[in-house]
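The structure under discussion appears below in the form of structure tokens.
The values are calculated or read from the model by the stated rules, or taken from the named source; none is laboratory data. Quick caveat: nothing in here was measured; it's all calculated off a predicted structure. Don't worry about glycine lacking a Cβ; one is built from the backbone with ideal geometry, like all the others, and counts go over all protein chains shown.
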Amino acid sequence: MFEFDEFISFIQQTTSREIAGAYVCAKWPRNIQMHKSIIAEIGMQTLDVKIERLQNEYYQNKLFHLIRDWLERAKLHLRGENEFRTTLNDVANHIDAFHYVEGLTLDNLIQNDYDNNLLLEVWNWGSLIYNNGISEKLVGTTKLLHHIFPKIFVPVDRHYTGKFLNRCLQFKVGRANNLQYNNYMHFIESLKLFQSIKTSANDKFGIRATMRYADTSDTKAIDNWIIMFVDLELNNRQ
């Protein structure tokens, strides 16, 4: 079993969080450019602009194609584009929950300082864009919500995050639909370990995202480091 301390050590030895962002950008350059565009046009906007753009066909189309490309690489599939748009248009029925989640930070989640019902409402809204038969909604839901609320939603995938959780934190990503939200909250709970990054590697993690390469937010920096660590450290030990 690999220790989480190895991951912290890996981060400390990495020249900067930009290095991890550049590494991920080199793996998926087209997807990262689309990701950066949507983060800038939706994720970094005020809540009113986010809600307006989630109901705009142009931005719905961009989101659909980005999420679809990422999921197809994982052999997962969205519902049709019309159903995708219907779900996004329904955001108007969840305004209170969106207002609440917009004000949260990753530290709120790590410290269990949040209204679970309102966070779950947003989660359930995001999960509706996937086929009913898909058992791994954790992946798709976090990827969608990351682009709307990049401050709190770390994008999760099975190959990198799943391996990291299983090998480093002794936590296996579940597959049943009704476990997906609990799995994400378990993942967030595990991020208490990232508090050590803010102290022991503050010069790496504490700086602001630069928007260069794939370094678009603190949550994406976590994802980038996990991807790089799994590729360069864990995969080489198989």
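Details
- Candidate set from the range 86-101 (those that are more than 19 Å from residue 137 (Cβ to Cβ) and of a type outside the set (Ser, Thr, Tyr)); member that is surrounded by the most Cβ atoms within 10 Å (Cβ to Cβ): 98
- Which numbered condition residue 12 fails, given (1) modelled with pLDDT of 90 or more; (2) touching a helix residue (DSSP H, G or I) at 6+ places or on another chain (Cβ under 8 Å); (3) loosely packed, with under 15 Cβ neighbours inside 10 Å: (1)
- Positions within the range 33-84 being modelled with pLDDT under 90, touching a helix residue (DSSP H, G or I) at 6+ places or on another chain (Cβ under 7 Å) and in a helix (DSSP H, G or I), in sequence order: 67, 69, 70, 71, 81, 84
- Residue satisfying all of: in the range 107-142; at pLDDT below 85 and among the small types (Gly, Ala, Ser); surrounded by the fewest Cβ atoms within 10 Å (Cβ to Cβ) among these: 133
- Filter result for residue 104 (in a helix (DSSP H, G or I) and either out of contact with any strand residue (DSSP E or B) (no Cβ under 8 Å at 6 or more places or on another chain) or crowded, with 19+ Cβ neighbours inside 10 Å (or both)): no
- When residues of the range 145-182 are limited to those that are outside any loop (DSSP other than H, G, I, E, B), among the aliphatic types (A, V, I, L, M) and at pLDDT 70 or above, the one surrounded by the fewest Cβ atoms within 10 Å (Cβ to Cβ): 165
- Listed by first and then second residue, the pairs linking a residue in the range 1-15 that is farther than 11 Å from residue 232 by Cβ and assigned to a helix (DSSP H, G or I) to a residue that is at pLDDT 75 or above and small (Gly, Ala, Ser), with Cβ atoms under 9 Å apart and 6 or more places separating them unless they lie on different chains, are 11/20.
- Taking every residue in the range 19-31 that is touching a residue at least 12 places away in the same chain (Cβ under 8 Å) and pairing it with any residue that is surrounded by fewer than 18 Cβ atoms within 10 Å (Cβ to Cβ) and part of a helix (DSSP H, G or I), at least 6 positions away or on another chain, the pairs with Cβ-Cβ distances below 7 Å are 31/69.
- Top-ranked residue in the range 47-70 [being of a type outside the set (Lys, Arg) and touching a residue at least 60 places away in the same chain (Cβ under 8 Å); ranked as nearest to residue 127 (Cα to Cα)]: 67
- Search result, residues across the range 19-63 that are loosely packed, with under 15 Cβ neighbours inside 10 Å and β-branched (Val, Ile, Thr): 46, 49
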